[in-house]
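Beneath this line is the structure, given in structure tokens, with notes to follow.
Every number in this text was worked out from the coordinates using simple rules, so none of it is lab data. Here the structure is a predicted model, which means the values were calculated and not measured. Positions of Cβ are generated from backbone atoms using ideal geometry, with glycine treated the same way; all protein chains shown enter the neighbour counts.
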Amino acid sequence: MRTRSRSRLRRGVGAAAGAVLAIAIVVAAALYVYSSSLRLASMSPEPVLRVLDEHLSQRVSIGPSAFGYYVLNSGSSPISVEYLVLRDPRGSITLVRTGRGSDSACVAEETVIPPGGLSTVRCGGGLALVAIVTSGGGVFVRDPRLTAPYLVQRAVPQRPLLTPEVASALEQYVERISEVRVSSSLGLVKALDDRGASVSIEANASLVVVLRSPSSPNLWSVLIAGYGAYGVRSNSRVETGSGSPLNLSRAGALRFRIKIENLSVDGGTFRVGGSDVSSPGVFPCVVNRGRQCWVSLSGTAGRVAVYVNGTSSSASVDPYPYYVTGDLDGNGYPEFLFITQDFGVGDRTRVNDREATRAGTAIVADSTVEPLRIVFTDAPINNTRYAVAVVSMRIMFWDSSLDDVSDNDNRIVVRVGVYDAEGSGYVYSVSLSYYELCRYRTVSPMTFSYVIKDFILYIPSPEEVGSKIFFVAIDVTDPYGVEGTRNDTEVILGIEYIALVLGARI
Amino acid sequence: MRRGVSTLLAAVLVSAVALAAFASLYTMSQRRVSTSIAGLDRLADYVHQHEVTRLVIVVAGGVARVRNLGNKPVELEYLVLLRSDRSLRAVKLTEGDPCWRLDVDGSCEVDLEDGVPVVAVTRSGIIVYPERVELLIPPSEAALVIPVTFFFGNIVEFAEEFGVDPGLVAKPYPGRSDKRGINGTTVLLLPRGRESEYFNELVSTVCPGSKDGRTPFGVLVVGYDPSWVIESRDSPGRPPRFSILFAGPRMPGEKICTSREALPLTQQGFRVKILNFTGTVRIYDSGGRVLACSSSIRGECGSVRSALGVWYYGIGLGWTVYFHGIAGYFAYYQRAPSGRGQQASYEPYLFLGDIDGNGVVDLLLVTEDAYYGSYTKIDDSEGNEEDLVDYSTEPLRLKLLGVGRALGYPDGSIDGGRYAGIFLYINLLFHDNSHPDEDQLRDVDRTDWVLRVLLVDELGNEYVVREYRYQEICNYHKTLVRDVGRDNYFVKISQSIYLPIPSSGRYWIAIELADPYYYEKRGSYYVNDADLSVGIEIIGVLPLAR
């Protein structure tokens, strides 16, 4: 009985142990499966993070350039351009492997781009680059900010250089103005220079130029040339608020020039040859009528300067009495007028600017010793960004040689160029010479026509000259003094609306 | 036994329950895992869709333009507009609305009075926040001006880049019929087997027995060699090398020498091309004074003016030239009677080099050789017996392939559908030998072009846009200059030319150069007999979008 119960007990224990064992095995197996499945789930983000990390460290900008597209690696790891996503002219999208040969649809300059590196992709047949795929699977699409400006049609940006502001402060733009000299066979000396004064003029004049002041359309800019020793009316004089009248018939018997800036004749008079002046114009009294006309003027002026013939026969003077700025043709843009003409005309057998006066013969052949150089420093040109410049300008020209090229050699009158203000001068320039300019006018009676010239200017690259800031500059010259009776023409040269279009360096 | 069975049964039961519990636990956890992965997928998909759906709002003028810059078409369901009173309005789009479907690069316009789009919802439910780009054009911002220049080491490279017919620039070896372009009473040839081409050879006017080591010349062109100009763009400061073209009539007793032999200049006329020249060039006036000098050797020339440029009629003015140095290439062309189909090509007449020292290579076509004249004589002859007149039998056509390439077409053409026009800005130069200038229109009265701009279509049809005829362009130059330095043969002429482009098809811009004049005997006069120099320095091309 005892043994039976013991054996029963043993059998029960064995079954229980077997059951426990079986449960333990099942539980262990289940736990293993569960835990391993859990581990699987918890491990899965890692490669995602790695991809994400790679993706985040790669930054690529794709934008259009003149020669196709640029791909700029702005990230911190190198990228390898594996595929290009292209759109054909019909609008369908294709994925192509990046090629380097000329037979591929698109040619990438470089397929592996280091951080900060740039590659150019050129596509033919109207294919447009939409995106790139890197070897790591990163997809980069075009940057809208870079692309959008190219997608909207817009006008070519042009910047005016000879603005009213520049014209009214021209002295600040003339290079080394204190050293520039105009030489003459009968030199001028300054007799009077007053600012902000009343002015009254009664004088003979051979040439009068009246412009609207660049500072205000209600004010005038005036240049008067003439000689005082003349006929019945020998009482030429100029008087300003500051002092006693200057007798031009005596002091300026052989020649004088009067320049007035910002003249207001409100309530006063302004008459040339007996007629009231109401609009701008050039009054070529001697050229057209063979004799001087009477100028009568009273008002207030921003500045009045009077230059008269000096005592030495040949001398040079500052350029101030030879130029004047203001609007001549009423279009709102100021002209820069450079004038060496004083009296009459001539040909190869006689000196052009010559008058027999009661005080003796005045030969007033003026010429620039070096060019009057205007540097437009408001518009810097960075040669790392720009490769060419187109400078457009409207010009007028008149000169005093009746027989044109027979009287004068072919000398340079105007030069336009890309200018290095820090020493090396013009790095590229083009010129207008007398043989061209003399075609644009009639000598007598005086007529001239405006012509518009566009100049393409080459901007030297940083590889050639280093990174530089250049400016547009213009040289204005009268290269003709007098040589016997030839090479003696005098000029009226007008330049208006100089404007700049820059071409991107690509 | 029965109890044993029941215990086993109980154990199985318990383990089954435990297994079921674990199984359910496992499957539940699996479901959670798969659920989260599926969610992640959708999220990733959304993010991807969001990423590739790129819309941009370009505000310019009175309209806001919604443009699809993504890589696949987008169908929009809603546009949310921000109105001027700062309120938002969602507009449901229906089929037919311009913004309903935007193809890649497609766009639609929204009047700014209705509001600026700030949010778009695609039909697949993606919410897109378009980037807004305001277009403000700063002053002096750049335009696209494509420069066309002549930075080529030699005529072959130049011809290839401009698609010049190889026959027009073939070296003029005698007896070969592939060379064409220029003809005259005599033509310039390179007699093979008579030592007319040399490489890396000494070339000099200093010959054994010569009295002053100089020789007269008809026309002399001196420029910096293009290879040196190109080289100094990258590494400035190297001693300059020169490119020289030297033409003349029969000059008995005169010669030039190489290291091995003397070449007498006694034929009916000659030309010498000296390329990549390291040495010195000096020009003397009739009194034996140095007029100009350029040298590879620093300090060799002192303060004398540079010899760069074109020097005309040395033989008439008593001017002479001295040169001595090593030429990378040196060709000695000799005149031979034309006829029997014997023509020359443009090759002896073309010059590449920087003739004004401004760092930009000039391309010149020079048919002038030695003399000037008016209607009373053949211009390029001393006394009408032996003339050196050359003329074009067909124009030299340069295709501006670089323009089309810069605009994305490897074949160099321009798409009329995309570009309405082209502005060309050309800096050119011109000179001829009709003297005096006052009589040049009497001497040359046939109006013919020397430079023209044209469009060529895919079928080869030509559309001439602008011709520079002799009677226009002759006014810009002075034939005879004695006062070197103050007087000028020419200055660069800047010309702007507008080329309208037809609205469909593809077009190549071409520039053609030609010397149209041989000579015409009219009574005792000789007219229409000018020889000329015409050149281009740089062309700027401004494309105008349609």
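Values computed for the structure shown
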item: Bins of 5 Å from zero: percent of alpha-carbon pairs in region A:352-447; result: 2, 9, 16, 18, 16, 12, 10, 8, 5, 3, 1, 1, 0
item: Sequence-separation-based contact order of region B:147-545, relative, with Cα cut under 8 Å and 6+ spacing, percent; result: 21
item: DSSP-defined antiparallel bridges as percent of all bridges, the protein assembly as shown, nearest 5; result: 95
item: Region B:55-134 - Debye-derived log10 I(q)/I(0), Cα point model, q = 0.24 Å⁻¹; result: -1.20
item: Euclidean distance between Cα centres, region A:263-286 to region A:334-362, Å; result: 22
item: If the convex hull is drawn through the Cα atoms of region A:165-504, its volume per residue in Å³; result: 126
item: Cα-based Kirkwood hydrodynamic radius, region A:262-410, one decimal, Å; result: 19.1
item: Rounded to 10°, Cα long-axis angle of helix A:45-57 versus longest principal axis of chain A; result: 10
item: Number of partner chain Cβ atoms within 10 Å, mean per residue of B:491-502; result: 4
item: Added length on full extension, which subtracts the Cα-Cα distance from 0.36 nm per residue, residue B:103 to residue B:386; result: 94.7 nm
item: Degrees separating the helix B:2-52 axis from the principal Cα axis of chain B, which is the longest one; result: 30
item: Shielding of A:450-458 by partner chains, average beta-carbon count, 10 Å; result: 6
item: Alpha-carbon spread of region A:193-262, three principal axes, descending order, Å; result: 37, 26, 16
item: Radius of gyration, Dmax [chain B; alpha carbons; angstrom]; result: 37.5, 151
item: Share antiparallel - DSSP beta bridges, chain B, percent rounded to 5; result: 95
item: Isolated Cys in the protein assembly as shown, by beta carbon distance under 4.7 Å; result: A:438, B:474
item: Stokes-Einstein D (µm²/s) once Rh is taken as the Kirkwood radius of region B:154-307 over alpha-carbon pairs, at 10 °C in 1.306 mPa s; result: 91
item: Cβ-derived FRET efficiency at R0 56 Å, residue A:171 paired with residue B:111, nearest 0.05; result: 0.65
item: Karplus (6.51, -1.76, 1.60) ³J(HN,Hα), θ = phi - 60°, over region B:349-363, in Hz, Gly and Pro reported as x; result: 9, 9, 10, 10, x, 8, 8, 10, x, 9, x, 10, 6, 9, 10
item: Unit charges on C-beta of K, R, D, E only; dipole of region A:165-504, Debye; result: 940
item: Summed side-chain charge close to residue B:294 - residues other than residue B:294 whose Cβ falls under 14 Å, Lys, Arg +1, Asp, Glu -1; result: 0
item: Local net charge near residue A:464, Cβ-Cβ under 14 Å (Lys/Arg +1, Asp/Glu -1); result: -1
item: Average beta-carbon neighbours from other chains, 10 Å sphere, peptide B:428-438; result: 1
item: Fewest-first sequence of B:85, B:285, A:353, A:475 by Cβ atoms within 10 Å of each Cβ; result: B:85, B:285, A:475, A:353
item: Computed [θ] at 222 nm, helices only, for chain B once each DSSP H run of length n ≥ 4 contributes -39500 (n - 2.57); result: -5000 deg cm²/dmol
item: Taking B:48, B:324, B:435 and counting other C-beta atoms within 10 Å, the order from fewest to most; result: B:48, B:324, B:435
item: Per-residue Cβ neighbour rank within 10 angstrom, fewest leading, A:490, B:77; result: B:77, A:490
item: Cα-derived Rg over Rh, computed across the protein assembly as shown with Rh taken as Kirkwood radius; result: 1.17
